[in-house]
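Scroll down for the structure; my scribbles are underneath it.
The values are calculated or read from the model by the stated rules, or taken from the named source; none is laboratory data. Being a predicted model, the structure only gives us computed values, none of them experimental. In this analysis, Cβ positions are derived from the backbone assuming ideal geometry, glycine residues included, and neighbour counts consider all displayed protein chains.
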Number of protein chains: 2
Amino acid sequence: MGRWQPGARERLAVAAIELFEERGYDATTVADIAVRAGVTERTFFRQYADKREVLFGDPTAYNATFTDAVAAAPAEATPLEAVVAALRAAGGFFEGRHPYARRRTAVITSNAALLEREQIKRVHLTDAIAEALRERGAPAPVAALTAELGTVAFHQAFARWVAADVETDLGALAVQVLGELRAAIA
Amino acid sequence: MGRWQPGARERLAVAAIELFEERGYDATTVADIAVRAGVTERTFFRQYADKREVLFGDPTAYNATFTDAVAAAPAEATPLEAVVAALRAAGGFFEGRHPYARRRTAVITSNAALLEREQIKRVHLTDAIAEALRERGAPAPVAALTAELGTVAFHQAFARWVAADVETDLGALAVQVLGELRAAIA
């Protein structure tokens with residue numbers, strides 16, 4: 001088999017989540033994942049830096065889903081409107097990924113270290129959105145607070161979305177949660 | 001010297017922050033801290049589980065400052081009003097601690113692992129406040145969102161408070177930031 005292995009990345013991701021479910025995250029090794037996916041460990045390490053990265057992927061690409069939407073919002077959009085655009089874009093990012101997201105969430109919530117990693121990911125996302133808002137000209141305190149409102153809404157919406165048996169529109173749910181936040185602070 | 005050493009805990013905290021400033025957190029050992037404080041390592045470990053705990057203390061006591069205030073708010077107080085009471089109580093907790101808070105923050109922001117720990121502390125605080133709000137009868141989604149608003153306000157206020165040269169009223173600042181959040185989402 002040559003260096004180029006079509007679908008190796010996806011096969012590794014599927015193999016990893018199966019093993020995490022079967023044996024637990026800590027008890028699964030990179031070697032186990034490679035065997036299950038039918039590739040070598042070298043192939044694993046060409047796709048992922050380590051076992052954890054299979055679950056977390058590239059935070060830059062994930063954050064860019066939000067920040068690109070903030071940047072692309074019309075010049076006259078308020079910071080909140082730009083964040084609403086980001087929430088809808090993030091909803092699109094997760095479209096069709098509900099079954100995997102449920103499995104991934106189950107693995108993560110069963111492991112304190114992974115849960116902390118997930119929470120840190122949210123902090124970095126908030127910082128990235130705040131920066132994108134400042135680049136649109138929002139004053140730093142407004143950018144910081146609006147970014148926080150956006151990630152609070154998104155993560156509360158995500159928790160509900162992933163808990164439901166059937167996939168719904170995550171972006172619309174996040175915008176709805178933003179409305180609940182407005183009501184909670186009114 | 002007997003087992004009882006008056007002020008050992010405080011001397012250890014002062015010695016630790018001095019050493020973290022001088023040598024960096026990673027390069028400082030528990031033995032270094034004990035020597036600087038003029039106590040044995042055994043005394044250190046009677047006071048703190050490890051080096052990190054000198055900076056983070058007991059999260060239960062910290063969280064209780066907020067949650068006790070939520071619980072003590074009048075029965076007719078809304079979830080947001082209970083959170084406002086918590087923000088004022090937390091302001092009282094930090095009263096007079098501005099010089100130490102500035103030094104601690106400088107140490108923490110220079111170390112990625114400590115910064116992550118600080119962010120996780122905030123997540124646990126949010127969970128604790130949400131639980132206290134549910135115990136007052138708030139529906140779970142309202143409790144979760146109001147707790148998030150409270151910790152966003154508190155941490156943004158704390159960042160400003162600690163960045164200022166002169167100590168101001170942290171509780172009042174946090175309530176002001178809550179007003180800014182309301183404006184950002186209006």
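Please go through segment B:87-134 and give me each residue that is closer than 18 Å to residue B:59 by Cβ and among the polar types (S, T, N, Q), ordered by number.
Selection gives B:105, B:119, B:126.
Count, please, the residues in segment B:3-43 that happen to be more than 15 Å from residue B:53 (Cα to Cα), β-branched (Val, Ile, Thr) and buried (at least 19 other Cβ atoms within 10 Å of the Cβ).
Total meeting the criteria: 1.
If residue B:73 satisfies all but one of (1) within 19 Å of the chain's Cα centre (by Cα); (2) buried (at least 16 other Cβ atoms within 10 Å of the Cβ); (3) small (Gly, Ala, Ser); (4) over 26 Å from residue B:53 (Cα atoms), what's the number of the condition it fails?
For residue B:73, the exception is condition (1).
Restricting attention to segment A:71-114, and to residues there that are of a type in the set (D, E, K, R) and in contact (Cβ under 8 Å) with a residue 12 or more places away in the chain, which single residue is nearest to residue A:166 (Cα to Cα)?
Per the criteria, the residue is A:102.
Given the condition of a type in the set (Gly, Ala, Ser) and under 25 Å from residue B:158 (Cα atoms), answer yes or no: does some residue in segment B:5-14 qualify?
Yes.
With the requirement that a residue be facing chain A (nearest Cβ under 7 Å) and touching a residue at least 12 places away in the same chain (Cβ under 8 Å), what does segment B:141-177 give you?
Once the filter is applied, which keeps residues that are facing chain A (nearest Cβ under 7 Å) and touching a residue at least 12 places away in the same chain (Cβ under 8 Å), segment B:141-177 yields B:142, B:144, B:146, B:148, B:149, B:152, B:156.
Against the definition (part of a loop (DSSP other than H, G, I, E, B), surrounded by 21 or more Cβ atoms within 10 Å (Cβ to Cβ) and either out of contact with any Ser or Thr (no Cβ under 9 Å at 6 or more places or on another chain) or touching a residue at least 40 places away in the same chain (Cβ under 8 Å) (or both)), how does residue B:138 come out, yes or no?
yes
Grab the helices (runs of 4 or more DSSP H) fully contained in segment A:1-104, keeping just those with 2 or more residues being within 30 Å of residue B:184 (Cα to Cα).
Per the criteria, A:59-72, A:79-93.
Of the residues in segment A:125-139, how many are within 12 Å of another protein chain (Cβ to nearest Cβ) and out of contact with any helix residue (DSSP H, G or I) (no Cβ under 6 Å at 6 or more places or on another chain)?
Total satisfying the criteria: 2.
Conditions (1) without any contact (Cβ under 8 Å) to a residue 12 or more places away in the chain; (2) more than 21 Å from the chain's Cα centre (by Cα); (3) farther than 20 Å from residue A:101 by Cα, marked per residue:
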site	(1), (2), (3)
A:17	no, no, no
A:25	no, no, no
A:34	no, yes, yes
A:39	no, yes, yes
A:49	yes, no, yes
A:54	no, no, no
A:60	yes, no, no
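Could you say which residue among B:101, B:82 is away from chain A (no Cβ under 14 Å), surrounded by 15 or more Cβ atoms within 10 Å (Cβ to Cβ) and under 19 Å from residue B:175 (Cβ atoms)?
B:101
In this structure, does residue B:183 turn out to be within 17 Å of the chain's Cα centre (by Cα) and either more than 12 Å from chain A (Cβ to nearest Cβ) or hydrophobic (A, V, I, L, M, F, W, C) (or both)?
no
Only one of B:132, B:153 is within 21 Å of residue A:126 (Cα to Cα) and outside the structural domain of residue B:16 (by TED's automatic domain parsing). Can you tell me which?
B:153
Can you confirm whether segment A:110-132 contains a residue that is touching a Leu at 6+ places or on another chain (Cβ under 7 Å) and under 26 Å from residue B:153 (Cβ atoms)?
No: zero hits.
Out of all the residues in segment B:149-171, is one or more part of a loop (DSSP other than H, G, I, E, B) and of a type in the set (Ser, Thr, Tyr)?
Yes, segment B:149-171 contains a residue that is part of a loop (DSSP other than H, G, I, E, B) and of a type in the set (Ser, Thr, Tyr).
Residue-wise test of (1) modelled with pLDDT of 95 or more; (2) small (Gly, Ala, Ser).
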{"position": "B:10", "(1), (2)": "no, no"}
{"position": "B:30", "(1), (2)": "yes, no"}
{"position": "B:34", "(1), (2)": "yes, yes"}
{"position": "B:62", "(1), (2)": "no, no"}
{"position": "B:78", "(1), (2)": "yes, no"}
{"position": "B:84", "(1), (2)": "yes, no"}
